[in-house]
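> Below you'll find the structure I mean.
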Amino acid sequence: MRSTQDVLDHHLACFAASDLEGTLTDYTGDSVLMTPDGAIHGLGSIRTFFEGAFAEFGQPGTKFTMRKMLVEGDCAFIVWDAETSANTFELATDTFVVRDGRIAVQTFAAKITPKRASVEADHLAASVTG
C-alpha cells in the first residue's frame with residue numbers, strides 16, 4: 001500500500017502535469033474535497049473540480065511555488081503560492097487525509113485575487129489621474 005508521502009508525491013506530480021486520470025487514481029468514490037465554496041463528493045464531482053483547475057493552471061506562464069510540505073502519519077499539509085494568467089493564489093493550503101493508499105479527505109483554501117480586477121483598477125486609476 002502507498003504511504004501518505006507516496007500519495008502526496010503522486011498527486012503533486014500529476015497536478016504539475018495536468019494529468020487528470022492520474023490525479024483521479026488518488027481518490028475513491030467516497031472521497032471528499034472541501035473548499036471555501038463547499039464540499040465536493042465523489043469521483044465525478046472531483047473530476048469536474050480538477051478539469052477546471054487544470055484549465056487554469058495548465059495555461060502558459062503559470063508559476064507555482066511550494067512553501068511548505070509536512071507529512072505526519074495519514075495526514076499531509078502543503079502551503080503554496082501560484083500565479084496563473086487569471087489569478088494570483090496567496091497562502092494557498094491543502095490538507096490531505098490518506099486512508100488505504102488513497103486520499104479520503106482533502107481541504108483547499110487560498111487567498112485568490114483575480115488579475116482582471118487589478119487590470120481594470122489600473123485602467124480606471126489611469127483614466128482618473130491622466
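> Summing -39500 (n - 2.57) over the DSSP H runs of n ≥ 4 in the chain and dividing by its residue number, what mean residue ellipticity at 222 nm do you reach, to the nearest 500 deg cm²/dmol? It would help to have the intermediate numbers written out before the result.
On the way: 4 runs with 49 residues, N = 130.
Value at 222 nm, helices only, nearest 500: -12000 deg cm²/dmol.
> In the chain, if the dipole is taken from +1 on Lys/Arg beta carbons and -1 on Asp/Glu beta carbons about the Cα centre, which of L20, G42, G58 is farthest to the positive end?
The residue sitting farthest along the positive end of the dipole is G58.
> Would you list F108, F96 from fewest to most Cβ contacts within 10 Å? Don't jump to the answer; show the numbers that get you there.
Working: F108 18, F96 22.
Ordered from fewest to most neighbouring Cβ atoms within 10 Å, F108, F96 come out as F108, F96.
> Starting from the Cα-Cα distance between L91 and L20, subtract it from 0.36 nm times their residue separation and give me the gain in nm to one decimal. Mind dumping the intermediate values first?
Working: separation 71, 0.36 × 71 = 25.56 nm, distance 2.41 nm.
23.2 nm is the gain from fully extending L91 to L20.
> Let me ask something else. Could you size up the charge dipole of the chain around its Cα centre, putting +1 on the beta carbon of Lys and Arg and -1 on that of Asp and Glu, and report it in debye to the nearest 20? Present the calculation step by step, with values, prior to reporting the outcome.
Values: 10 positive and 18 negative charges, 39 e Å.
The dipole of the chain has a size of about 180 debye.
> Under the Kirkwood approximation applied to all pairs of distinct alpha-carbon atoms, what is the hydrodynamic radius of the chain in Å?
It works out to 15.8 Å.
> Sequence gap at least 6, Cα distance under 8 Å: using those rules, report the relative contact order of the chain to the nearest whole percent.
Working: 220 pairs, mean separation 30.8, N = 130.
Relative contact order comes out at 24 percent.
> Tell me, I46, I40 in order of fewest to most beta-carbon neighbours within 10 Å?
Arranged by neighbour count, lowest to highest, I46, I40 become I40, I46.
> Please compute the modelled spin-label separation between M69 and D81, points set 7 Å along Cα→Cβ, answer in nm with one decimal.
About 1.9 nm, to one decimal.
> Using a ≥ b ≥ c from the Cα gyration tensor of segment 56-114 (square roots of the eigenvalues), is it rounded, prolate or oblate, where a/c under 1.5 gives rounded and otherwise the larger of a/b and b/c decides, a/b for prolate? Please report the intermediate quantities before stating the final value.
Values: a/c = 2.50, a/b = 2.17, b/c = 1.15.
It is prolate, given that a/c is not under 1.5 and a/b is the larger ratio.
Here, each number is a calculation from the coordinates, and none is a lab measurement. Just so we're clear, the structure is a prediction, and the values are computed from it rather than from any experiment. Positions of Cβ are backbone-derived with ideal geometry, glycine not excepted, and every protein chain shown enters the neighbour counts.
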